[in-house]
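Below: the structure, in structure tokens.
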């Protein structure tokens with residue numbers, strides 16, 4: 001199943017790991033772009049997150065980020081990405097996803113209202129509360 005099928009086709013029941021990776025990478029890119037500009041610092045943070053989470057080489061993480069940039073551009077909203085992650089990641093592990101998203105949002109040293117809104121939406125779509133998101137933000141800020 002291609003990523004475009006995942007975006008525009010019926011919702012899958014369970015996604016294999018590569019689609020989970022792409023869904024998270026695309027959300028990370030979406031957060032980086034939420035303020036209108038994805039800085040080099042934010043893009044480097046995305047690649048580091050992907051390397052650490054999925055044990056990727058720097059080259060593989062960069063390739064995944066580049067693929068995610070295209071996927072993020074094509075996706076009309078964040079729902080498909082969050083649905084893929086909800087299917088692949090148990091609820092008790094989703095706070096780590098939101099922490100990674102906050103890590104990208106905070107990477108440039110500025111907290112933007114558009115990033116805040118996106119993170120609040122994504123956290124809710126992942127089944128997490130505002131309190132869970134705030135805790136994940138605090139962890140990301142301390143990292």
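The values are calculated or read from the model by the stated rules, or taken from the named source; none is laboratory data. All of these numbers come straight from a predicted model, not from anything done at the bench. Heads up, the Cβs are rebuilt from the backbone with ideal geometry, glycines too, and the neighbour counts pull from every protein chain shown.
Which members of segment 21-41 meet the condition of being in a helix (DSSP H, G or I) and over 12 Å from the mean Cα position of the chain (by Cα)?
Going through segment 21-41, the residues in a helix (DSSP H, G or I) turn out to be 21-33, 40-41.
Matches in segment 21-41: 40, 41.
Would you say residue 59 is surrounded by fewer than 20 Cβ atoms within 10 Å (Cβ to Cβ), within 16 Å of residue 22 (Cβ to Cβ) and more than 12 Å from the chain's Cα centre (by Cα)?
Numbers: surrounded by fewer than 20 Cβ atoms within 10 Å (Cβ to Cβ): yes; within 16 Å of residue 22 (Cβ to Cβ): no; more than 12 Å from the chain's Cα centre (by Cα): yes.
The answer is no for residue 59.
Go through (1) over 13 Å from the mean Cα position of the chain (by Cα); (2) within 15 Å of residue 31 (Cβ to Cβ); (3) at pLDDT 95 or above one by one and return the number of the condition residue 126 breaks.
(1)
Can you work out which of the residues in segment 89-119 that are under 19 Å from residue 38 (Cα atoms) and loosely packed, with under 13 Cβ neighbours inside 10 Å is modelled with the lowest pLDDT?
So the residue we want is 110.
For residues in segment 9-20 being surrounded by 16 or more Cβ atoms within 10 Å (Cβ to Cβ) and assigned to a helix (DSSP H, G or I), which is modelled with the highest pLDDT?
20
Testing residue 6 on (1) buried (at least 21 other Cβ atoms within 10 Å of the Cβ); (2) at pLDDT 90 or above, one condition comes back false. Which one is that?
Residue 6 satisfies every listed condition except (2).
Kindly provide the set of residues from segment 100-143 that are in a loop (DSSP other than H, G, I, E, B), in contact with a helix residue (DSSP H, G or I) (Cβ under 9 Å, 6 or more places away or on another chain) and closer than 17 Å to residue 46 by Cβ, ordered by number.
Across segment 100-143, the qualifying residues are 107, 108, 109, 112, 143.
Among the residues of segment 62-75, which ones are within 22 Å of residue 126 (Cβ to Cβ) and in contact (Cβ under 8 Å) with a residue 12 or more places away in the chain? Full working, then the answer.
So in segment 62-75, the residues within 22 Å of residue 126 (Cβ to Cβ) come out as 64-65, 67-69, 71-75.
Matches in segment 62-75: 64, 65, 67, 68, 69, 71, 72, 74, 75.
Conditions first: (1) farther than 17 Å from residue 96 by Cβ; (2) in a helix (DSSP H, G or I). Residue 84 passes all but one, so which condition is the exception?
(1)
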